[in-house]
Amino acid sequence: MLILIARTSLNSLKRRTGSFESMGIMNINARVPAGLLLLLALTILAKQPTFAANAIEAEKVSEALDLYSETEEQFQSALLESYQDDLFELIDRGLIRVLVTYSKTHFFLDGGAQHGLTHAMLREFESYLNKRYKSRRKGRALSVVAIPVARDEIMDRLANGQAELAIANLTITPDRKQAVDFSIPVIKSVKEVIVAGPGAPKLTKLEDISGKTFFLRKSSSFFGHLQKQNQILQGKGLEPAIIIEADEHLEVEDLIEMANADLIAYTIADDHIATLWKKIFKDVRVYNDLSLNTGGKIAWAVRKNTPNLIFEVNRFLKRHRSGTLFGNVVKQRYLENPYWAKRALSETEKVHFNNVVTIFRQYSDLYNFDHLMLLAQGYQESQLDHNRRSPVGAIGIMQIMPSTGKAMGVGDIKELENNVHAGSKYLRKIIDHYFNDPEISETNKVLFAFAAYNAGPTRIQRLRRKTAAYGLDPNVWFGNVEHTVARHVGRETVTYVANISKYFIAYRLIEEQSNIREGIKESTREAQ
């Protein structure tokens, strides 16, 4: 499968769990996967895009994959490659890499689709660049690649040339400015405020934090500002606050959630984040009058020595940051209205989604597929809505035609489980009957099957033969058979396969990131 996830050793996680071990909390390394979480995050929409939009997105995916089409490893290596290109070289490459963090505010999954402030800005930035440099790209789309990482990896990866930008709610600090450049601020006048659990002793003045225990990521600006406050406390003859290093995979929202459950006593958050999440975690106390830092500025981080890139970033942000029409709409959507924050936490949504995943896992195992790949196909077909009915009569989450369902012999396809069973069985029959050639890799067998599911297996077989006649590889979808299909069928099938590949990568990311974070939280609960 097209899995763009690079794994690193457990040593990186061991560094991050030392503070938990020092508290008597079990080591979590055996419970969670290690790794750099790598996602090709081209647009994933909350609702099904129009055909025209789909065609554009498919073109982006295809071109990005065409850069390194021989093997998955080569493409993965390309995304991890170190180089120091500025804007025009990056445009010629067709690829700009952006570091992000998985966050319930900025970058998260809801019902199979990506959302969040960072996701919205990335989509708009990609669209902006493609319009502005259309002539230089000669009609070929420029792809923006989001690379989710732990926060303590951001500065080093930018400095080492493994990415060009980072969009992660970063406060400008003197230490960070030594490693990276910053854009103009996207949010100004930020206060860093104390957030406490319901059982934590109440605070009336800043000196009351003396001897209190705070959970903070070492990479955060909060960590350094609390250290400075500790120096002030000690200068007054008071005990410093105790700082426990939180795991770098935890976002501020996670720490606020843990405080709400009295798993931790105190943490620190930017005031706009604390205000939003107070609407959801109603038991926490937010001390807006007790600030560790005021006048903070949040900006995009930009790799040094890229003057043309930072110029273009600033030009974009002047038209899209907080205070502009677009910026205000996005801010209201994700930072002021708690709707999406609640959706990110919704237990009902989680239970429904997990039930659907369980069914996909059952039948993917039966027919030898990756369950997340089939889930991605289900999202492409129906946005995982089993009530979906097409104008031509296709039914359910996998959009099965009644005649196909009857041929599969699995029961009433109006039932969710039978619908998934029929779709999985049909996909396997397509592979076994039409694409069971040892010259075709397992990845390409599945990609061909998806194309056949959409356009018909005999048509795809015929177009594979045409592909060979054009001097391309008939056994490879991306960059080969897909071009023939686009020429003779149109962009719909190309879009269909490309979207499934995107959704699959997104689901893989979310699964691994969630495992890491839930493992950390569970370990903390068990230690209480």
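The values are calculated or read from the model by the stated rules, or taken from the named source; none is laboratory data. From a predicted model like this one, the values you see are computed outputs, not experimental measurements. Please note: Cβ atoms are built from the backbone with ideal geometry, for glycine as well, and neighbour counts cover all protein chains shown.
See the values below:
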quantity	calculated
Any chance residue 285 is in contact (Cβ under 8 Å) with a residue 12 or more places away in the chain, assigned by TED's automatic domain parsing to the domain that holds residue 96, out of contact with any Lys or Arg (no Cβ under 7 Å at 6 or more places or on another chain) and not β-branched (Val, Ile, Thr)	no
Filter result for residue 430 (in contact with a Phe, Trp or Tyr (Cβ under 8 Å, 6 or more places away or on another chain) and assigned to a helix (DSSP H, G or I))	yes
Hey, residue 498 at pLDDT 85 or above and either surrounded by fewer than 21 Cβ atoms within 10 Å (Cβ to Cβ) or in the same structural domain as residue 361 (by TED's automatic domain parsing) (or both) or not	no
Filter pass, residue 157 being of a type in the set (Lys, Arg), in a helix (DSSP H, G or I) and touching a residue at least 60 places away in the same chain (Cβ under 8 Å)	no
Among residues of the range 286-325, those that are aromatic (Phe, Trp, Tyr), farther than 16 Å from residue 193 by Cβ and more than 25 Å from the chain's Cα centre (by Cα), counted	1
Check on residue 315, over 26 Å from residue 97 (Cβ atoms), modelled with pLDDT of 90 or more and surrounded by fewer than 21 Cβ atoms within 10 Å (Cβ to Cβ)	no
Only listed residue being out of contact with any helix residue (DSSP H, G or I) (no Cβ under 7 Å at 6 or more places or on another chain) and of a type in the set (Val, Ile, Thr), chosen from 286, 252, 313	313
Within the range 419-450, tally of residues that are at pLDDT 95 or above, hydroxyl-bearing (Ser, Thr, Tyr) and over 27 Å from the mean Cα position of the chain (by Cα)	2
Any hit, the range 218-226, residues being over 24 Å from residue 116 (Cβ atoms), aliphatic (A, V, I, L, M), crowded, with 22+ Cβ neighbours inside 10 Å and not assigned by TED's automatic domain parsing to the domain that holds residue 174	yes
Filtered residue count, the range 227-257, keeping only those that are aliphatic (A, V, I, L, M), surrounded by 23 or more Cβ atoms within 10 Å (Cβ to Cβ) and in a helix (DSSP H, G or I)	3
From the options 410, 420, residue that is among the hydrophobic types (A, V, I, L, M, F, W, C), under 19 Å from residue 395 (Cα atoms) and not in a helix (DSSP H, G or I)	410
Search result, residues across the range 172-197 that are in contact with a His (Cβ under 9 Å, 6 or more places away or on another chain), part of a strand (DSSP E or B) and at pLDDT below 95	187, 190
